[in-house]
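The values are calculated or read from the model by the stated rules, or taken from the named source; none is laboratory data. Quick caveat, the model's predicted, so the values are computed rather than measured. Here the Cβ positions follow ideal geometry from the backbone for every residue, glycine too, while neighbour counts run over all protein chains shown. Calculation scope for accessible area: heavy atoms of the full protein, side chains included, ligands and nucleic acids excluded. Shrake-Rupley method; radii C 1.70, N 1.55, O 1.52, S 1.80 Å.
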Amino acid sequence: MSQIWALRLEYDGSGFVGWQRQANGVSVQQVLEEAASKLAQGAAVASIVAGRTDAGVHAAGQVAQITLAAEWRPERLREALNFHLKPHPVVVLQAAKVSDGWNARFSARARHYRYVILNRRARPALDVNRVWHVHAPLDAEAMQAAAQFLLGKHDFTSFRASSCQAKSPVRTLDRLEVRRDGERIVVEASGRSFLHHQVRNMAGTLRWFGERRHPPEFMRVILESVSRAAAGPTAPPDGLTLSAVTYDADPFE
């Protein structure tokens, strides 16, 4: 008898081409499905994921689903998958049985991202591939003030990648907070769904306000222009982490 399993994952995206399988390199999806296949006597195992992270983007609370035999105990399945995921920097934190109607992607109520800027003169050593290094001083309070103009339901074309395949550029941003934590500036974003590169494009634009190129209210002008050319550059993937995915009924509780 088969069973749908929810998996909460943590991974370092530095060496991957992203979540999704691609012909030009190793993906997180590939190594997870190959590990699961070894628990299914070599049969192919397909996965569904809450959010498809890009190359270089990390996850602390990604959620995926696979279908395997029902006789596994959650803790045993977690350990077995982690054994077969070695030596890749991908770890199953939790495994849980879910009902047939549950879907890692479509049942998600919100996705939460964290973007970290290392704001100091010296380049990173311990945090290589985990932060965006910006050596010029940034005003986190100005960035926070500008961020508030993006909250709510808007046409986010100005922050949408040209390759984005979403049918509509309209999204609802529930949270966008910027704070300084020592040498780090942390950007927290939450919403039901995001456009391709939306968080990275918002982070790249917020840097402008941190450099005081514009007053905070100019963010409204950028948003209402509905033009990608009006906004800032796309921040590098290194600083971005999918920190959590939330559901109306958390399968891991």
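Here R200 fulfils each of the conditions (1) open to solvent by less than 50 Å² (accessible area, probe 1.4 Å); (2) among the basic types (K, R); (3) assigned to a loop (DSSP other than H, G, I, E, B) apart from (3). Does the stretch 95-118 hold any residues that are surrounded by fewer than 19 Cβ atoms within 10 Å (Cβ to Cβ), in contact with a Lys or Arg (Cβ under 9 Å, 6 or more places away or on another chain) and farther than 21 Å from L32 by Cβ, and which are they? Residues satisfying the conditions are R109, A110.
Scanning the stretch 203-223 for residues that are touching a residue at least 60 places away in the same chain (Cβ under 8 Å), surrounded by 15 or more Cβ atoms within 10 Å (Cβ to Cβ) and within 20 Å of L118 (Cα to Cα) gives A203, L206, R207, F209, G210, E211.
Looking across the stretch 213-248, just one residue is within 19 Å of the chain's Cα centre (by Cα) and either at pLDDT below 95 or of a type in the set (F, W, Y) (or both), and that is Y247.
Return the residue satisfying two criteria in turn: it lies in the stretch 169-194 and is touching a helix residue (DSSP H, G or I) at 6+ places or on another chain (Cβ under 8 Å) and open to solvent by less than 10 Å² (accessible area, probe 1.4 Å), and of such residues it is farthest from S107 (Cα to Cα). Filtering first and then ranking leaves I185. Return the pairs, sorted by first residue and then second, in which the second residue is assigned to a loop (DSSP other than H, G, I, E, B) and open to solvent by 20 Å² or more (accessible area, probe 1.4 Å), the first residue lies in the stretch 224-253 and is farther than 30 Å from P74 by Cα and acidic (D, E), the beta carbons are less than 6 Å apart, and the residues are 6+ apart or on different chains. Matching pairs, first to second residue: D238/N129. Scanning the stretch 228-253 for residues that are part of a loop (DSSP other than H, G, I, E, B), open to solvent by 40 Å² or more (accessible area, probe 1.4 Å) and farther than 19 Å from V116 by Cβ yields D248, A249, D250, E253. Residue-level check: of (1) surrounded by 15 or more Cβ atoms within 10 Å (Cβ to Cβ); (2) at pLDDT 95 or above, A166 misses just (2). The selection criterion, being at pLDDT 95 or above and over 13 Å from the mean Cα position of the chain (by Cα), holds for V45. Scanning the stretch 56-74 turns up one or more residues that are part of a loop (DSSP other than H, G, I, E, B) and closer than 24 Å to D127 by Cα. For first residues located in the stretch 121-146 and on the phi > 0 side of the Ramachandran plot, partners that are of a type in the set (D, E) and open to solvent by less than 60 Å² (accessible area, probe 1.4 Å) and lie 6+ apart or on another chain with Cβ distances below 6 Å form the pairs N129/D238. Summed over the stretch 55-92, residues that are under 26 Å from R114 (Cβ atoms), hydrophobic (A, V, I, L, M, F, W, C) and open to solvent by 20 Å² or more (accessible area, probe 1.4 Å) total 3. Is it the case that the stretch 27-47 has a residue that's under 20 Å from L240 (Cβ atoms) and either exposed (fewer than 15 other Cβ atoms within 10 Å of the Cβ) or without any contact (Cβ under 8 Å) to a residue 12 or more places away in the chain (or both)? Scanning the stretch 27-47 turns up at least one residue that is under 20 Å from L240 (Cβ atoms) and either exposed (fewer than 15 other Cβ atoms within 10 Å of the Cβ) or without any contact (Cβ under 8 Å) to a residue 12 or more places away in the chain (or both). Any residue that is over 30 Å from T234 (Cβ atoms), at pLDDT 95 or above and in a loop (DSSP other than H, G, I, E, B) - is there at least one of those in the stretch 102-113? For the stretch 102-113, residues over 30 Å from T234 (Cβ atoms), at pLDDT 95 or above and in a loop (DSSP other than H, G, I, E, B): present.
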